[in-house]
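J.: Submitted below is the structure of interest, expressed as structure tokens.
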Amino acid sequence: GAVVSQHPSRVICKSGTSVKIECRSLDFQATTMFWYRQFPKQSLMLMATSNEGSKATYEQGVEKDKFLINHASLTLSTLTVTSAHPEDSSFYICSARGQGQGAATNEKLFFGSGTQLSVL
Amino acid sequence: QKEVEQNSGPLSVPEGAIASLNCTYSDRGSQSFFWYRQYSGKSPELIMSIYSNGDKEDGRFTAQLNKASQYVSLLIRDSQPSDSATYLCAVTRGYNKLIFGAGTRLAVHP
């Protein structure tokens, strides 16, 4: 099956610093990538939808200036948490959908392994 | 009202029993429905997808969909301790967004 690589798997940083998380589709071209955040014992909350070559679409309540998303190529999307604070500590997960995988058929999403962010 | 609602559990069943997980959703326009399994600290993995009313079976798993009632369920037959995990119901919103429920924690005890 398709593989989505997410890096780093775990990061600890000081408050006020910025953290970049990478999400790569290894064997397919990901026209759309999604970024989710998950707090302990809670569900995956969709943060934003990222399409290659265009600006990301953010969900209501998600600060686009704080969570910078770049989808510069068909295989790479990055999420940068700027000026991170302890309340940003969470499990961040990316997922990707390849070309030709539309919502009308099999919308199988391929998930990255997640990044556990801890802000001190 | 949450878009996708699930009982958080935990749902505790003995090994070999049938585990029944339920989910309701609010958007009548949703077309596709999924069940994911998630172990602690890991990403979700797809268990089942269902698109039309009725039942869909895959091995020990059966997904049931009732669009009129906006209800989708997952049955796990012959539950095993390795099935112990959080099960996430997910529903499409619009063309391509996938919205998750909070998950039901399943505990299968020997």
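J.: Non-local amide H neighbours of A:Thr17 (under 5 Å, H modeled in plane, Pro and chain starts lacking H): which ones?
T.: Residues meeting the amide H criterion: A:Ala84.
J.: Which peptide among A:81-91, B:25-35, B:100-110 comes first, and what is the full order, when sorted by highest mean count of other Cβ atoms within 10 Å? Let's see the in-between values first.
T.: Numbers: A:81-91: 16.2, B:25-35: 17.7, B:100-110: 19.4.
Packing proxy ranking, top to bottom: B:100-110, B:25-35, A:81-91.
J.: Additional query: Of B:Pro14, B:Ile76, B:Gly54, whose Cα points farthest to the positive end of the dipole of chain B (charges on the beta-carbon: +1 Lys, Arg; -1 Asp, Glu; origin at the Cα centre)?
T.: B:Gly54
J.: How large is ³J(HN,Hα), in whole Hz, for each residue of region B:42-48 in order, when computed from phi with the Karplus curve 6.51 cos²θ - 1.76 cosθ + 1.60 and θ = phi - 60°, using x for Gly and Pro?
T.: 10, 6, x, 10, 6, 9, 8
J.: Same structure again: By DSSP, what percent of the beta bridges with both residues in chain B are antiparallel, rounded to the nearest 5?
T.: Among the beta bridges of chain B, antiparallel pairing accounts for roughly 90 percent.
J.: B:Ser84's amide H: which non-local residues (gap 5+, or another chain) put their own amide H closer than 5 Å, with H modeled 1.01 Å from N in plane and none for Pro or chain starts?
T.: For B:Ser84, whose amide H was placed from the backbone, the distant partners under 5 Å are B:Val108.
J.: Follow-up. What ³J(HN,Hα) values, in whole Hz, does the Karplus curve 6.51 cos²θ - 1.76 cosθ + 1.60 give for region A:20-35 when θ = phi - 60°, with x put for Gly and Pro?
T.: 10, 10, 10, 9, 10, 8, 8, 9, 7, 9, 9, 6, 10, 10, 10, 10
J.: Could you work out how far the C-alpha centroid of region B:73-90 sits from that of region A:25-67, in angstrom?
T.: Here the answer is 27 Å between Cα centres.
J.: While we're on this one: Which whole-number percent gives the relative contact order of chain A, counting Cα pairs below 8 Å spaced six or more residues apart? Working shown, then result.
T.: Values: 297 pairs, mean separation 43.7, N = 120.
Computed value for chain A: 36 percent relative contact order.
J.: Long-range amide H contacts for A:Gln29: which residues qualify at under 5 Å (H placed 1.01 Å from N, peptide plane, sequence gap of 5 or more or a different chain)?
T.: The answer is A:Gln99.
J.: Would you mind giving the mean number of other chain beta-carbons within 10 Å of the Cβ of each residue in A:37-43, as a whole number?
T.: Details: counts 0, 6, 0, 2, 6, 4, 15.
The shielding value for this peptide is 5.
J.: What Rg and what Dmax come out for the protein assembly as shown when only alpha-carbon atoms are used, in angstroms?
T.: 17.7, 51
J.: Please report the Cα spread of chain B along all three principal axes, rounded to whole Å, starting with the longest.
T.: 41, 29, 22
J.: With every protein chain present, what accessible area does B:Lys97 have (1.4 Å probe, heavy atoms only), rounded to the nearest 10 Å²?
T.: 40
J.: Step through the table entries A:Lys66/B:Lys2; B:Lys2/B:Lys97; A:Lys14/B:Lys97; A:Lys14/A:Lys66; A:Lys64/B:Lys42; B:Lys42/B:Lys97, compare each Cα-Cα distance with 23 Å, and write down the pairs that go over it.
T.: Numbers: A:Lys66/B:Lys2 25 Å; B:Lys2/B:Lys97 15 Å; A:Lys14/B:Lys97 33 Å; A:Lys14/A:Lys66 16 Å; A:Lys64/B:Lys42 26 Å; B:Lys42/B:Lys97 21 Å.
A:Lys66/B:Lys2; A:Lys14/B:Lys97; A:Lys64/B:Lys42, as the Cα separations exceed 23 Å there.
J.: Which Cys in chain A stand alone, with every other cysteine's Cβ at 4.7 Å or more from theirs?
T.: So, A:Cys13.
J.: Taking B:Lys56 as the anchor, which lysines have their alpha carbon closer than 17 Å to its alpha carbon, excluding any fewer than eight residues away along the same chain?
T.: Within the straight-line limit of under 17 Å, B:Lys56 reaches these lysines: A:Lys108, B:Lys67.
J.: Using only alpha carbon positions, build the gyration tensor of chain A, then give the equivalent ellipsoid semi-axes as the square roots of 5 times its eigenvalues, largest first, whole angstrom.
T.: Value: 24, 14, 13 Å, ordered largest first.
J.: Right, something else. Considering only protein heavy atoms, what per residue accessible area in square angstrom results for chain A with a 1.4 angstrom probe? Display every interim value, and only then the final one.
T.: On the way: 5760 Å² over 120 residues.
Result: 48 Å² per residue.
J.: How big is the accessible area of B:Lys42 in square angstrom, nearest 10, if you roll a 1.4 angstrom probe over the protein chains?
T.: 120
J.: OK, next. Could you tell me the relative contact order of chain B? Use alpha-carbon pairs under 8 Å, at least six residues apart, and round to a whole percent.
T.: On the way: 277 pairs, mean separation 41.6, N = 110.
The value is 38 percent.
The values are calculated or read from the model by the stated rules, or taken from the named source; none is laboratory data. Quick caveat: nothing in here was measured; it's all calculated off a predicted structure. Here the Cβ is made from the backbone with ideal geometry for all residues, glycine too, and neighbour counts use every protein chain on show. Heavy atoms of the whole protein, side chains included, go into the accessibility calculation; ligands, DNA and RNA do not. Shrake-Rupley method; radii C 1.70, N 1.55, O 1.52, S 1.80 Å.
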